[in-house]
Amino acid sequence: YSVMFRLEKLSRYMIIISAINTGLIGFGYFYDVNLNIINHLLHSYPVFEATAYIAIGLSAVFQIMLGRK
């Protein structure tokens, strides 16, 4: 596999995980529960949590740029 193919696949997985996480946050809002999976996994490391969100945002931009070919 090429590096570009791997990056595309990784970015898709990150976006899917982020979408599921966002849906859980929305459901948690109605039940007054924190269902933010990324926060639960990385709450002790705020720098890593911020880095994860930045990586997810960059993945979305990468997928947008791929779609513009």
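The values are calculated or read from the model by the stated rules, or taken from the named source; none is laboratory data. The model shown is predicted, which means the values in this text are computed figures rather than measured ones. Here the Cβ positions follow ideal geometry from the backbone for every residue, glycine too, while neighbour counts run over all protein chains shown. Quick note on the areas: whole protein, heavy atoms, side chains included, nothing else; ligands and nucleic acids left out. Shrake-Rupley method; radii C 1.70, N 1.55, O 1.52, S 1.80 Å.
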Looking only at segment 22-39, which residues are part of a helix (DSSP H, G or I), open to solvent by less than 80 Å² (accessible area, probe 1.4 Å) and polar (S, T, N, Q)? Asn39
Enumeration of residues in segment 40-50 that are among the hydrophobic types (A, V, I, L, M, F, W, C) and either exposed (fewer than 14 other Cβ atoms within 10 Å of the Cβ) or touching a strand residue (DSSP E or B) at 6+ places or on another chain (Cβ under 8 Å) (or both): Leu41, Val47, Phe48, Ala50
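In segment 51-69, what count of residues is obtained for those that are open to solvent by 50 Å² or more (accessible area, probe 1.4 Å) and either among the small types (Gly, Ala, Ser) or under 14 Å from the mean Cα position of the chain (by Cα) (or both)?
Restricting attention to segment 51-69, the residues satisfying the condition of being open to solvent by 50 Å² or more (accessible area, probe 1.4 Å) are 51, 53-54, 58, 61-62, 64-65, 67-69.
Next, from what is left, pick out any that are either among the small types (Gly, Ala, Ser) or under 14 Å from the mean Cα position of the chain (by Cα) (or both): 51, 53-54, 58, 61-62, 67.
Qualifying residue count for the region: 7.
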Residue pairs within 6 Å by beta carbon, gap of at least six or interchain, first lying in segment 34-57 and more than 15 Å from Tyr13 (Cβ to Cβ), second among the acidic types (Asp, Glu), listed first then second, are Leu42/Glu49
Look at Phe62 and say whether it is assigned to a helix (DSSP H, G or I) and free of Cβ contacts under 8 Å to residues at least 24 places away in the same chain. no
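Determine whether segment 9-21 contains at least one residue that is part of a helix (DSSP H, G or I), among the hydroxyl-bearing types (Ser, Thr, Tyr) and open to solvent by 80 Å² or more (accessible area, probe 1.4 Å).
Let us first name the residues in segment 9-21 that are part of a helix (DSSP H, G or I), namely 9-21.
Then drop every residue that is not among the hydroxyl-bearing types (Ser, Thr, Tyr), which leaves 11, 13, 18.
Narrowing further to those that are open to solvent by 80 Å² or more (accessible area, probe 1.4 Å): 13.
The answer is yes, given that some residue of segment 9-21 is part of a helix (DSSP H, G or I), among the hydroxyl-bearing types (Ser, Thr, Tyr) and open to solvent by 80 Å² or more (accessible area, probe 1.4 Å).
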